[in-house]
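The structure appears below as structure tokens.
The values are calculated or read from the model by the stated rules, or taken from the named source; none is laboratory data. Quick caveat: nothing in here was measured; it's all calculated off a predicted structure. Quick reminder, even Gly has a Cβ in these numbers, built from the backbone with ideal geometry, and neighbours come from all protein chains shown. Just the protein is used for accessible areas: all its heavy atoms, side chains included, with ligands, DNA and RNA removed. Shrake-Rupley method; radii C 1.70, N 1.55, O 1.52, S 1.80 Å.
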Amino acid sequence: MNMPFGVVSAGRESTDLAFTDPLTGLGNHRRFFDKIDRLISDRADDPAPFAVGILDLDGFKPINDLFGHKAGDDILVQVAMRLRASMDSHSTVCRIGADEFAFLYPMVFSEEAAAEKARMLIEILSAPYDVGERTARLSASTGCSLFYSGDETTEILVNKAETALYHAKRSGRGRVVVYTREMEEAAKRVTRIEQALRRAVSAGEVEPHFQPIVNLSSRRTIGFETLARWTDRDLGPVSPAVFIPIAEERGIIGPLSQLVLRKATEAARSWPKELFLSFNLSPSQLVDQNTGLHILAILDRTGFDPRRLEIEITETGLMTDPASAEKIVNDLRRVGIRVSLDDFGTGQSSLGRLREFHFDKLKIDRAFVSSILDDRPSEHIIRAILAMCEGLGMEVVAEGIEEEAQADRLIEFGCGGGQGFLFGKPADADATLGYLRDAFRGARRAGAL
């Protein structure tokens, strides 16, 4: 029996809607996967290469927050129009996520050509966007992969493009990365580390180590910075430079941070009461409004005085969501927790932010300290930071001090606090307790003399 024309039209329209992004009018992720499925099927007998790519807008969330969601939607529509206009008759672009777009190039046969096409898209998207009477600018990162053999499925191709995008985002803004075999091995290693880290956090196997912070003039220890250390039974020691970014990207940083803070405050309870404990918060924790509650619950559980705790945050963490970060900072300061700005001068610096957030302390990044003896610009920058902090009533700690001459120069410039291998390497709780016994026994002997 023939179907009435109206029923056929309604069915086709319903299918079209299911494959269409309602905001931009582009195809959605279902359309994208369907297009690749069909192309793989068409080339089953002669698997000629083709390229797929995923494009992610850099910094779209801050723009959305600044201009509002309506303006954000307008920008996404403009992005879609530019991408659609850049496609030839063979190619397809779809919107597959909030600020993610995907493209399919059936007539691109090499990695070089795919990268060139992707760079062209990034260039097209870099022109200003109209937002009412104002304009906004965006950059984008892109990951690409190529189909080479009939063994590859749509899912495999898209996963490879996502892996390439991950590498592009990690290497900065406005980057293009085409998938390689080395990336596959790196991705597998990241997954192995992630799985081992989840198990280690669940089993409580990540430990706090403590590095002394001293008064530069007297060399008296005034506090310790907490640093996470992890040795896996199969992987061996894993550098925090490796596992901390993985923890942030894979959503493990919250439980990991809570575990390390609990262990650190339990250890620090037995220290002399005048010593403070410094602890780092990651950018992702500064967008989670439960962060303050978690910290206060841990302090209550371990009986650690909030007035002895300093929280270190970075400029990058502040930039992710300034309103959220400000609320968390204010909640912590309300109970006596001090807040320190870490790695000053290396992120997206804004002097106005020092006034807005009312920091108690500023830490000068090791990059300036390491070159203080032979680089005039670094010397001038440190002098300027110290003068500014004096005017703002903020304490200062210089990080990464490894030589006596560096410490002497910092004292000459008026820097109050210091941290680095010259004063002590990070050590576990037992070794730190031994260090403190020796330090305070020596101080008592000196006082008796």
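Observations
- Scanning the chain for trypsin sites (Lys or Arg not before Pro) that sit in a DSSP loop and have at most 15 other Cβ atoms within 10 Å, the longest stretch containing none of them is 274-449.
- Its alpha carbons considered, the chain gives a radius of gyration followed by a Dmax of 27.0, 109 Å.
- For region 110-234, convex hull of alpha carbons as volume per residue, Å³: 254 Å³
- Our helix-only sum for the chain, with -39,500 (n - 2.57) per DSSP H run of n ≥ 4 divided by its residues, gives a mean residue ellipticity at 222 nm of -16000 deg cm²/dmol.
- Per residue accessible area of region 144-229, 1.4 Å probe, in Å²: 47 Å²
- Stretch gain in nm, segment Asp34-Glu379, where the contour uses 0.36 nm per residue and the Cα spacing is subtracted: 118.3 nm
- Taking region 26-141 and dividing mean pair separation by its residue count, relative contact order in percent (alpha carbons under 8 Å, at least six apart): 37 percent
- Sites Arg181 and Glu249 - FRET efficiency at Förster radius 25 Å, r taken between beta-carbons, to 0.05: 0.70
- Mean shadow area of region 195-324 over all directions, Cα convex hull, nm²: 8.9 nm²
- Convex hull volume per residue in cubic angstrom - Cα atoms of region 264-384: 115 Å³
- Shown here for region 131-206: GluC sites (Glu not before Pro) in loop regions (DSSP other than H, G, I, E, B) with at most 14 other Cβ atoms within 10 Å, namely Glu133.
- Dipole orientation for the chain: of the candidates Ser126, Phe103, Ala398, Ala398 has the Cα lying most toward the positive pole (charges on Cβ; Lys, Arg +1; Asp, Glu -1).
- Relative contact order of the chain, pairs being alpha-carbon contacts under 8 Å that are 6 or more residues apart, as %: 11 percent
- When each of Lys70/Lys363; Lys327/Lys363; Lys70/Lys327; Lys188/Lys361; Lys263/Lys361 is checked by Cα-Cα distance, pairs over 30 Å: Lys70/Lys363; Lys188/Lys361
- Point-charge dipole on Cβ atoms (K/R +1, D/E -1) for the chain, about Cα centre, debye to 20: 1300 debye
- The share of C-alpha pairs in region 314-438 whose separation exceeds 24 Å stands at 36 percent.
- Measuring r between the beta carbons of Ser149 and Arg192 and using R0 = 22 Å, the FRET efficiency lands at 0.25.
- Full extension of the chain between Asp360 and Ala98 yields a length gain of 90.6 nm, computed as 0.36 nm times the residue separation minus the alpha carbon distance.
- Computed extension length for Asp130-Asp331: 68.7 nm, one decimal, from 0.36 nm per residue of separation with the Cα-Cα distance subtracted.
- Normalising the average separation of contacting C-alpha pairs (under 8 angstrom, six or more residues apart) by the number of residues puts the relative contact order of region 179-258 at 26 percent.
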